[in-house]
Amino acid sequence: MGLTIIDAGILIGFLDESDAHHLGAKKELANARLRGGQIAVPASALAEALVSPARNGESAVGAIREFIERLPLVVVELDTEIAVVAARLRARHGPKLKLPDSLVVATAIQREASVLVTTDRGWPTQHKLGYQGDLIAL
């Protein structure tokens, strides 16, 4: 049991059957449910995942919001501590870790998540990030 943090790519992949990460995202969300505990997405990653649905209108955004409630998926708000950790990560890792990704990792660190799931294989290792949990990159 514990907290699983997902990044935008996992949410996007899960919701879009044509996405290259669809099957992996489905599998990892199912695994997270089996582990128990909460599944969460940083608010910044949720915003990233909502860009394409927002282009398709309010009904598409509403469908995503409904999915989040049904899963249930906790949305973690950005606070000062997460912002500070994200800034430090971005400063340390430069182009290997963009700010949106830094916010996801910082959320996992600050919330002491046991698992962090991403579709980005280009991130530094969890050791280099200072993340103590399991990092799963699809």
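The values are calculated or read from the model by the stated rules, or taken from the named source; none is laboratory data. Being a predicted model, the structure only gives us computed values, none of them experimental. As a convention, Cβ positions derive from the backbone with ideal geometry for all residues, glycine included, and neighbour counts pool all protein chains shown.
Per-structure values
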{"quantity": "Index of the failed condition, Ala8 passing every other in (1) surrounded by 15 or more Cβ atoms within 10 Å (Cβ to Cβ); (2) in contact with a helix residue (DSSP H, G or I) (Cβ under 9 Å, 6 or more places away or on another chain); (3) over 20 Å from Gly122 (Cα atoms)", "calculated": "(3)"}
{"quantity": "Members of the range 40-74 found to be among the charged types (D, E, K, R) and over 19 Å from Val104 (Cβ atoms), listed by number", "calculated": "Arg55, Glu58, Arg65, Glu66, Glu69, Arg70"}
{"quantity": "Residues of the range 9-62 classified as part of a loop (DSSP other than H, G, I, E, B) and touching a residue at least 60 places away in the same chain (Cβ under 8 Å), total", "calculated": "2"}
{"quantity": "Which listed residue, of Leu15, Leu29, Leu46, is surrounded by 13 or more Cβ atoms within 10 Å (Cβ to Cβ), within 15 Å of the chain's Cα centre (by Cα) and at pLDDT below 95", "calculated": "Leu15"}
{"quantity": "Scan of the range 82-129 for residues that are part of a loop (DSSP other than H, G, I, E, B) and either within 14 Å of the chain's Cα centre (by Cα) or touching a residue at least 24 places away in the same chain (Cβ under 8 Å) (or both), ordered by number", "calculated": "Leu97, Lys98, Arg111, Glu112, Ala113, Ser114, Thr119, Asp120, Arg121, Gly122, Trp123, Pro124"}
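Yes/no matrix, rows are residues, columns are (1) on the phi < 0 side of the Ramachandran plot; (2) at pLDDT 95 or above; (3) out of contact with any Cys (no Cβ under 9 Å at 6 or more places or on another chain); (4) of a type in the set (Val, Ile, Thr):
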{"site": "Val85", "(1), (2), (3), (4)": "yes, yes, yes, yes"}
{"site": "Ala91", "(1), (2), (3), (4)": "yes, yes, yes, no"}
{"site": "Leu99", "(1), (2), (3), (4)": "yes, yes, yes, no"}
{"site": "Ser102", "(1), (2), (3), (4)": "yes, yes, yes, no"}
{"site": "Val105", "(1), (2), (3), (4)": "yes, yes, yes, yes"}
{"site": "Ile109", "(1), (2), (3), (4)": "yes, yes, yes, yes"}
{"site": "Glu112", "(1), (2), (3), (4)": "no, yes, yes, no"}
{"site": "Thr118", "(1), (2), (3), (4)": "yes, yes, yes, yes"}
